[in-house]
Amino acid sequence: MGPVLNALIKLQSIENRLRAVKTKLARCRRTVIFQENQLRTLQSGLEAKKEEIKMTRIQADRLELELKQRDETIARLRAHLNLAKSNKDYSAILTELNTSKADNSKIENQLLDLLKNIETDTAACAEIQAQIDEQKSRSDDVRKESDAKATEYEAEVEKIQVEWDAAAKNVPSEVLDVFKRVADTYDGEALAIGGKQQEKVDIYSCGGCFMGVPADIINRLMTRDEIIRCPNCTRILILSEDHE
């Protein structure tokens with residue numbers, strides 16, 4: 001292989017290193033985002049639980065007001081009961097009084113259930129708040145650690161990028177454009193080795209997609225310093241040291 005393909009091989013090596021460090025940097029940042037999302041989820045859960053308590057409290061207040069009004073009604077019925085002038089009036093008032101008492105009992109049970117729910121949800125809020133405090137502490141620690149690592153990775157990326165730019169100067173611009181496009185397609189792996197599938201059989205394949213390639217392509221790689229791409233995956237083909 002000539003200077004162009006050799007320059008691409010060098011560039012590919014640097015490209016691999018560059019992408020590896022960028023991957024570490026991205027992973028570092030994702031870790032912080034994950035912790036922050038965990039915190040937001042807990043905070044949203046706490047707000048939802050507080051809103052639930054608020055609505056339950058409104059229901060409880062409504063029932064308490066209704067009970068107060070019903071107690072006044074019961075007190076009035078008792079007063080009327082003492083003033084009843086006939087057994088019929090007495091019986092009617094007594095029936096209404098007992099019905100009101102039964103209804104009050106049902107409302108009191110509903111109110112008791114609501115108050116229990118408020119108590120349970122309040123305890124749940126305290127537990128979620130404790131989880132939030134713990135998550136905040138964890139997020140702060142992760143952020144500090146990630147920031148330190150990110151600074152190192154950013155410096156390393158900058159350093160390798162300088163190497164990449166220097167190596168890219170040895171590659172013709174049109175060839176470099178092809179390299180970039182293929183690298184973006186295959187996560188940085190723009191080159192693939194073309195070679196024999198079996199040692200004693202003249203059948204060749206691409207080391208990227210493992211599909212067969214014509215022998216003519218391998219022959220051209222042996223004699224020319226030019227970009228030849230796999231007809232299947234479009235990676236740039238190079239020869240292994242054995243074939244060279």
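Of the conditions (1) modelled with pLDDT under 95; (2) farther than 21 Å from residue 2 by Cβ, residue 133 fails just one. Which one is it?
Condition (1) is where residue 133 drops out.
For the range 125-136, which positions are of a type outside the set (D, E, K, R) and within 20 Å of the chain's Cα centre (by Cα)?
Passing the criteria: 131, 132, 135.
State which residue pairs qualify: first residue surrounded by 11 or more Cβ atoms within 10 Å (Cβ to Cβ) and inside the range 153-181, second residue assigned to a helix (DSSP H, G or I) and among the charged types (D, E, K, R) in any location, beta carbons under 8 Å apart, and separation of 6 or more residues or different chains.
153/22; 153/24; 157/22; 160/17; 164/15; 167/10; 170/10
Answer yes if at least one residue in the range 84-106 is surrounded by fewer than 15 Cβ atoms within 10 Å (Cβ to Cβ), closer than 23 Å to residue 52 by Cα and at pLDDT 90 or above, and no otherwise.
Checked against the condition, which is being surrounded by fewer than 15 Cβ atoms within 10 Å (Cβ to Cβ), closer than 23 Å to residue 52 by Cα and at pLDDT 90 or above, the range 84-106 yields at least one hit.
Could you tell me how many of the residues in the range 166-197 are in contact with a helix residue (DSSP H, G or I) (Cβ under 8 Å, 6 or more places away or on another chain) and in a helix (DSSP H, G or I)?
The qualifying residues number 6.
Out of all the residues in the range 182-191, which are surrounded by 13 or more Cβ atoms within 10 Å (Cβ to Cβ) and not β-branched (Val, Ile, Thr)?
183, 186, 188, 189, 190, 191
If you scan the range 204-214, which residues turn out to be surrounded by 13 or more Cβ atoms within 10 Å (Cβ to Cβ) and either farther than 14 Å from residue 234 by Cα or not β-branched (Val, Ile, Thr) (or both)?
Once the filter is applied, which keeps residues that are surrounded by 13 or more Cβ atoms within 10 Å (Cβ to Cβ) and either farther than 14 Å from residue 234 by Cα or not β-branched (Val, Ile, Thr) (or both), the range 204-214 yields 204, 205, 206, 207, 208, 209, 212.
Looking at this structure, is residue 50 in the same structural domain as residue 120 (by TED's automatic domain parsing), out of contact with any Pro (no Cβ under 8 Å at 6 or more places or on another chain) and loosely packed, with under 12 Cβ neighbours inside 10 Å?
The answer is no for residue 50.
Please go through (1) within 30 Å of residue 77 (Cα to Cα); (2) hydrophobic (A, V, I, L, M, F, W, C); (3) in contact with a strand residue (DSSP E or B) (Cβ under 6 Å, 6 or more places away or on another chain) for residue 115 and return the number of the only condition it doesn't satisfy.
(3)
So which pairs qualify, if the first residue must be in the range 40-66 and part of a helix (DSSP H, G or I), the second must be charged (D, E, K, R), the Cβ gap must be under 8 Å, and the two must be at least 6 apart or on different chains?
49/121; 52/121; 53/121; 56/121
The values are calculated or read from the model by the stated rules, or taken from the named source; none is laboratory data. Everything numeric in this text was worked out from a predicted model, so none of it was measured. In this analysis, Cβ positions are derived from the backbone assuming ideal geometry, glycine residues included, and neighbour counts consider all displayed protein chains.
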